Amino acid sequence: MAILKIARMGHPVLLARAAPVENPASAEIQRLIADMRETMADAGGVGLAAPQVHVPLRLFVYRLPPRPGGGGEEPGEEGVVINPEVEPLGEEKALAWEGCLSIPGLRGLVERPARIRYRGLDGEGRVFEREAEGLEARVVQHETDHLDGILYPMRMRDFRYFGFEAELARFAAELTR
Ligand code: NI
């Protein structure tokens, strides 16, 4: 496995529409998935899309933090989504802070549909469909946007809520009051 170089905002690969993965079982795709997982873990991200590692294909990996549960440590959920399709469920929107490994150090407040249904292929190339809300819904939408050349600031409506992580940590409570 290898840690891959992450493209940062300004690199054209992040603005292009990525192509569908033709053969998820191929050695190249399986190696890419393993390398992306390692790269995401190394960078401390919750999601990483192939265009962020200079590969213009429709695939992303994610890793949700453990849910605070009764008693023990529930492990976080990890996944691979190939050729995703996302549809909102209902009209409800959710507002939350997002960051991106391609836009290091910054955070922005982004509104997105609160609940979604998404389908695609998993890491073994099996078709799946599921519904999501909360962080999973947000990560899936953020990562699928990467496959269409969309970065989260392009979804923002109010740039007062865009800033450096360190400053926001000090002033966020004040900002959103
Ligand atoms: Ni991102």
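Out of 129, 111, 124, which single residue is under 20 Å from residue 29 (Cβ atoms), charged (D, E, K, R) and open to solvent by 10 Å² or more (accessible area, probe 1.4 Å)? Talk me through it step by step, then tell me what you get.
Details: 129 fails: under 20 Å from residue 29 (Cβ atoms); 111 fails: under 20 Å from residue 29 (Cβ atoms).
Matching residue, one of 129, 111, 124: 124.
Kindly indicate whether any position in the stretch 41-57 is in contact with a Gly (Cβ under 6 Å, 6 or more places away or on another chain) and either hydrophobic (A, V, I, L, M, F, W, C) or at negative phi (or both). If you could, list the steps in order and put the result at the bottom.
As a first pass, look at the stretch 41-57 and keep what is in contact with a Gly (Cβ under 6 Å, 6 or more places away or on another chain): none.
Checked the stretch 41-57: no residue is in contact with a Gly (Cβ under 6 Å, 6 or more places away or on another chain) and either hydrophobic (A, V, I, L, M, F, W, C) or at negative phi (or both).
Checking the structure you have, find out if any residue of the stretch 59-68 is more than 16 Å from residue 144 (Cα to Cα), under 15 Å from the mean Cα position of the chain (by Cα) and open to solvent by 30 Å² or more (accessible area, probe 1.4 Å).
Looking through the stretch 59-68, at least one residue is more than 16 Å from residue 144 (Cα to Cα), under 15 Å from the mean Cα position of the chain (by Cα) and open to solvent by 30 Å² or more (accessible area, probe 1.4 Å).
So which residues in the stretch 24-33 are surrounded by 15 or more Cβ atoms within 10 Å (Cβ to Cβ) and of a type in the set (A, V, I, L, M, F, W, C), if there are any at all?
Listed by number, the residues that qualify are 29, 32, 33.
If you check residue 83 against the conditions, is it part of a loop (DSSP other than H, G, I, E, B) and within 22 Å of residue 118 (Cβ to Cβ)? Can you show your working first?
Working: part of a loop (DSSP other than H, G, I, E, B): no; within 22 Å of residue 118 (Cβ to Cβ): yes.
Answer is no for this residue.
Applying the selection to the stretch 115-130, what residues are in contact with a strand residue (DSSP E or B) (Cβ under 6 Å, 6 or more places away or on another chain) and of a type in the set (Asp, Glu)?
122, 129 - these are the residues of the stretch 115-130 that are in contact with a strand residue (DSSP E or B) (Cβ under 6 Å, 6 or more places away or on another chain) and of a type in the set (Asp, Glu).
Cβ-Cβ distance below 9 Å, separation of 6 or more or different chains: which pairs start in the stretch 148-169 with a residue that is free of Cβ contacts under 8 Å to residues at least 12 places away in the same chain and end on one that is open to solvent by less than 50 Å² (accessible area, probe 1.4 Å) and charged (D, E, K, R)?
What qualifies is 154/145.
With the structure loaded, tell me whether residue 89 is more than 16 Å from the ligand (Cβ to nearest atom), in contact with a Lys or Arg (Cβ under 7 Å, 6 or more places away or on another chain) and not hydroxyl-bearing (Ser, Thr, Tyr) or whether it fails that test. Write out each step before concluding.
Working: more than 16 Å from the ligand (Cβ to nearest atom): yes; in contact with a Lys or Arg (Cβ under 7 Å, 6 or more places away or on another chain): yes; not hydroxyl-bearing (Ser, Thr, Tyr): yes.
In short, yes.
Is it the case, given these coordinates, that residue 119 is at pLDDT 95 or above and crowded, with 19+ Cβ neighbours inside 10 Å?
Values: at pLDDT 95 or above: yes; crowded, with 19+ Cβ neighbours inside 10 Å: no.
So residue 119 fails the test.
What are the residues in the stretch 136-150 that are under 19 Å from residue 10 (Cα atoms) and buried (at least 19 other Cβ atoms within 10 Å of the Cβ), if any?
Let us first name the residues in the stretch 136-150 that are under 19 Å from residue 10 (Cα atoms), namely 142-150.
If the condition is that a residue be under 19 Å from residue 10 (Cα atoms) and buried (at least 19 other Cβ atoms within 10 Å of the Cβ), then 142, 143, 144, 145, 146, 147 are the ones that fit.
Would the stretch 3-18 turn up any residue that is closer than 24 Å to residue 125 by Cα, within 16 Å of the ligand (Cβ to nearest atom) and in a helix (DSSP H, G or I)?
No, because not a single residue in the stretch 3-18 is closer than 24 Å to residue 125 by Cα, within 16 Å of the ligand (Cβ to nearest atom) and in a helix (DSSP H, G or I).
The values are calculated or read from the model by the stated rules, or taken from the named source; none is laboratory data. Computed from a predicted structure; not experimentally measured. Note that each Cβ is placed from the backbone with ideal geometry, even for glycine, and that neighbours are counted across all protein chains shown. For the accessible areas, the whole protein counts, side chains as well, though only heavy atoms, and no ligand, DNA or RNA atoms are used. Shrake-Rupley method; radii C 1.70, N 1.55, O 1.52, S 1.80 Å.
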